[in-house]
Amino acid sequence: MREDDIEIAIKVVIVGNGGVGKSSMIQRYCKGIFTKDYKKTIGVDFLERQIEIDGEDVRIMLWDTAGQEEFDAITKAYYRGAQACVLTFSTTDRASFDAIKDWKRKVENECNEIPTVIVQNKIDLIEQSVVTADEVETLARNLNCRLIRTSVKEDVNVASVFRYLATKCHQLMLGESCDQSYTHAGGNGGGSSFNGSSSGHQPTISAFSPTFTKSNSGTIVLRAAKKSSTARKRKIVLKKCGIL
Ligand SMILES: Nc1nc2c(ncn2[C@@H]2O[C@H](COP(=O)(O)OP(=O)(O)OP(=O)(O)O)[C@@H](O)[C@H]2O)c(=O)[nH]1
């Protein structure tokens, strides 16, 4: 393999109870589509998308795991080697919220601590919500995870989830101090834009604001890896992380 062909790849696992919108989220992010039909994921599925972080091409490999307990034995094998995790629950499904702690534990059993985001999906159904904003924010704080509220259906904040995680992983790969800022979920609940600030207090990314706009933070770069002066940097990066 030539030096120029080397790229950064990040494995992200998406977990959560059945029906919360994991497959839909991945489809939305990688293919730009949304379907109303529910097709239970059997075992594990996989899609990827390439974005640019700090001028580097980063390939995000999204592992969609079945939410049903019957597939636990199969899916946990796929958590191994994951560098980031999305813990997903649905605004209209109380059990899926209550299960978030268990999902975090299951992933940590295989991967230790990795950058993790709690995603409250189906925020378009906020009027049918079975969780309060406070309890969700408290859970995120207690679990030391960033909270992002999304609507896969309306394409709100989906790109922010993966850009945030990819940025965190990229920082870790570069050996920059990660300052643990990914672990905070504040409670202001306003706006939907991604805030890459590295200060200690990280606001929740939310779609609650009535003036929210669709997130455009994911820059899709559908082209071959650049042959540029970043090659040397890539080499350094790859000493610190695995190529998937
Ligand atoms: N209203 C609304 N419906 C959604 C949203 N995201 C997903 N859905 C719907 O929720 C249902 C379940 O979505 P899936 O993506 O299949 O759920 P899953 O988490 O992958 O389910 P498993 O494969 O069983 O683990 C589908 O009918 C989707 O259309 C959303 O943001 N809003």
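The values are calculated or read from the model by the stated rules, or taken from the named source; none is laboratory data. Computed from a predicted model, the values in this text were never measured in an experiment. Neighbour counts run over all protein chains shown; Cβ positions are idealised from the backbone, glycine included. Surface accessibility is based on the protein's heavy atoms, side chains included, excluding ligands, DNA and RNA. Shrake-Rupley method; radii C 1.70, N 1.55, O 1.52, S 1.80 Å.
Odds and ends about this structure:
- The listed residue being surrounded by 24 or more Cβ atoms within 10 Å (Cβ to Cβ) and in a strand (DSSP E or B), out of Val58, Val15: Val15
- Asp179 modelled with pLDDT of 50 or more and open to solvent by 10 Å² or more (accessible area, probe 1.4 Å): no
- Members of the range 146-169 that are open to solvent by 10 Å² or more (accessible area, probe 1.4 Å), out of contact with any Phe, Trp or Tyr (no Cβ under 8 Å at 6 or more places or on another chain) and part of a helix (DSSP H, G or I): Thr167
- Selection within the range 20-51: residues that are of a type in the set (D, E, K, R), within 7 Å of the ligand (Cβ to nearest atom) and within 14 Å of Thr75 (Cβ to Cβ). The member of this set that is most open to solvent (accessible area, probe 1.4 Å) is Lys40.
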